[in-house]
Amino acid sequence: MMLELAVNVDNQRLDRFVADALPSLSRTEVQRLIKAGEIRVGGATVRPSYRLSVGETISVNLPPPRDRTIPAEPIPLDVIYEDADLVAIHKPAGMVVHPAHGSERGTLVNAALARWPEMRRVSGEERAGVVHRLDKDTSGVLVMGKTPAALKALQAQFKARTVTKRYVALVEGIPESSRGVIDAPIGRDPRQRKRMAVIPQGRPAITHYAVAEMFAAHSLLDVEPLTGRTHQIRVHLAWLGHPVVGDRVYGRRKPGIPLPNRIFLHAAELQVDSPSTGKRLIFLAPLPAELVAVLDDLRRANPPTW
């Protein structure tokens, strides 16, 4: 379906103007249509960042609506805890949290909808029950809301930073200090838009770390992010000069030690308050066997210095 939009503002980005004018499209979808030539200005293809002028005409060739019904898939889940409000899951490495372009099936949401069909009504099909996320190749504790009220309460805790998150990370090298605080803003990398980076104009980000074990060329860290920026731990540790082992985006493309097809980053503990009782709930996820094996190999080859 072809639409035409009349521009009534000056100096606004094309992608923002179209996204505001057509709320059914996300800004990401608008940018994809612009790059595909389905959105043009005055008949010409332009970039998403093109600055509009009053009087210009935008033509939009809308794709046919796609079925957004997310299929329930009976994928086994490691459930740590469940009550009427929430469920805590030990997410394995390799599993995406919710469906997105290129990852439509096999996600945590697909699996959750098969086990808890009521989550379909919690926050929309694609993010049913999702309170927070873990990267695809990060394992560990993840909590989901089972009712709209519980979801809202849990999201408010994350926003207010009253939750406690503790990760375990094996990093390249040995930090100069055995413990420290990384306070550095994170934003989209201006040189590689699919990556995040420490940049002056980024959003505030704070990460605490403490060295748990040291080896000849690696360190095992306990990490506590106080904020929840995209890829925060990975970006901060790489910026410190000690990227997470196996991180091919922010660290070495080939780890110096044998490692399964994942990064050595694990969400070991999550603490939240029960939406119903206010009681503090503590969820723990043991280190996966493949990461335990890596540490055992390191300990045999290089006994820890403490």
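The values are calculated or read from the model by the stated rules, or taken from the named source; none is laboratory data. Note that the coordinates shown come from a computational prediction; the quantities given were computed from them, not determined experimentally. Because the Cβ atoms are built from the backbone with ideal geometry, glycine has one as well, and the counts that use them run over all protein chains shown. The accessibility values were calculated without ligands, DNA or RNA, using every heavy atom of the protein model including side chains. Shrake-Rupley method; radii C 1.70, N 1.55, O 1.52, S 1.80 Å.
Here are the numbers for the structure shown:
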{"quantity": "Theoretical FRET efficiency, 1/(1+(r/R0)^6), r = Cβ-Cβ of Ala217 and Met2, R0 51 Å, to 0.05", "calculated": "0.30"}
{"quantity": "Distance from region 135-165 to region 45-64 (C-alpha centre basis), Å", "calculated": "38 Å"}
{"quantity": "Calculated FRET efficiency for the pair Leu284/Arg133, C-beta based, R₀ 22 Å, to 0.05", "calculated": "0.70"}
{"quantity": "Cut-off under 5 Å, modelled amide H: who pairs with Gln12 long-range", "calculated": "Leu52"}
{"quantity": "Reachable lysines from Lys35, criterion Cα separation under 24 angstrom, eight or more residues apart if same chain", "calculated": "Lys194"}
{"quantity": "Cα centre as origin, Lys/Arg/Asp/Glu Cβ charges: region 255-306 dipole, Debye", "calculated": "80 debye"}
{"quantity": "Probe 1.4 Å - accessible area at Thr28, Å² to nearest ten", "calculated": "90 Å²"}
{"quantity": "Projected area, mean over directions - region 247-306, Cα convex hull, nm²", "calculated": "6.5 nm²"}
{"quantity": "Per residue accessible area in Å² of region 174-277, where ligands, DNA and RNA are left out and the probe is 1.4 Å", "calculated": "51 Å²"}
{"quantity": "Under-5 Å amide H pairs with Leu265, H placed in peptide plane, nonlocal only", "calculated": "Ser139"}
{"quantity": "The chain - percent relative contact order, Cα under 8 Å, separation 6 or more", "calculated": "14 percent"}
{"quantity": "Surface accessible to a 1.4 Å probe, Asp247 within the full protein complex, Å²", "calculated": "0 Å²"}
{"quantity": "Tensor-based shape of region 137-264 (alpha-carbon gyration tensor, a/c under 1.5 rounded, otherwise prolate or oblate)", "calculated": "prolate"}
{"quantity": "Amide H within-cut-off set for Val46, under 5 Å, with H built and near neighbours excluded", "calculated": "Val41"}
{"quantity": "Rounded to 5, percent antiparallel among DSSP beta bridges of the chain", "calculated": "95 percent"}
{"quantity": "With every protein chain in place, the chain: carbon and sulfur % of accessible area (1.4 Å)", "calculated": "51 percent"}
{"quantity": "Cα gyration tensor category, rounded, prolate or oblate, for region 48-192 with a/c compared to 1.5", "calculated": "oblate"}
{"quantity": "Largest-first ordering by accessible area, 1.4 Å probe, given options Lys279, Lys194, Lys254", "calculated": "Lys194, Lys254, Lys279"}
{"quantity": "The chain: calculated mean residue ellipticity at 222 nm from DSSP helix runs of at least 4, using -39500 (n - 2.57)", "calculated": "-6000 deg cm²/dmol"}
{"quantity": "FRET efficiency for Glu29 and Ser178, using Cβ-Cβ distance with R0 set to 41 Å, rounded to 0.05", "calculated": "0.30"}
{"quantity": "Gaussian network model of the chain, Cα within-10 Å springs - most flexible of Ile75, Ile206, Ile39", "calculated": "Ile39"}
{"quantity": "Listed residues Arg188, Arg234 arranged by accessible area, highest first, probe 1.4 Å", "calculated": "Arg188, Arg234"}
{"quantity": "Cα gyration tensor, region 239-282 - rounded (a/c under 1.5), prolate or oblate", "calculated": "prolate"}
{"quantity": "Of Arg191, Arg179, Arg166, the one that fluctuates the most in a GNM where the chain has Cα springs shorter than 10 Å", "calculated": "Arg191"}
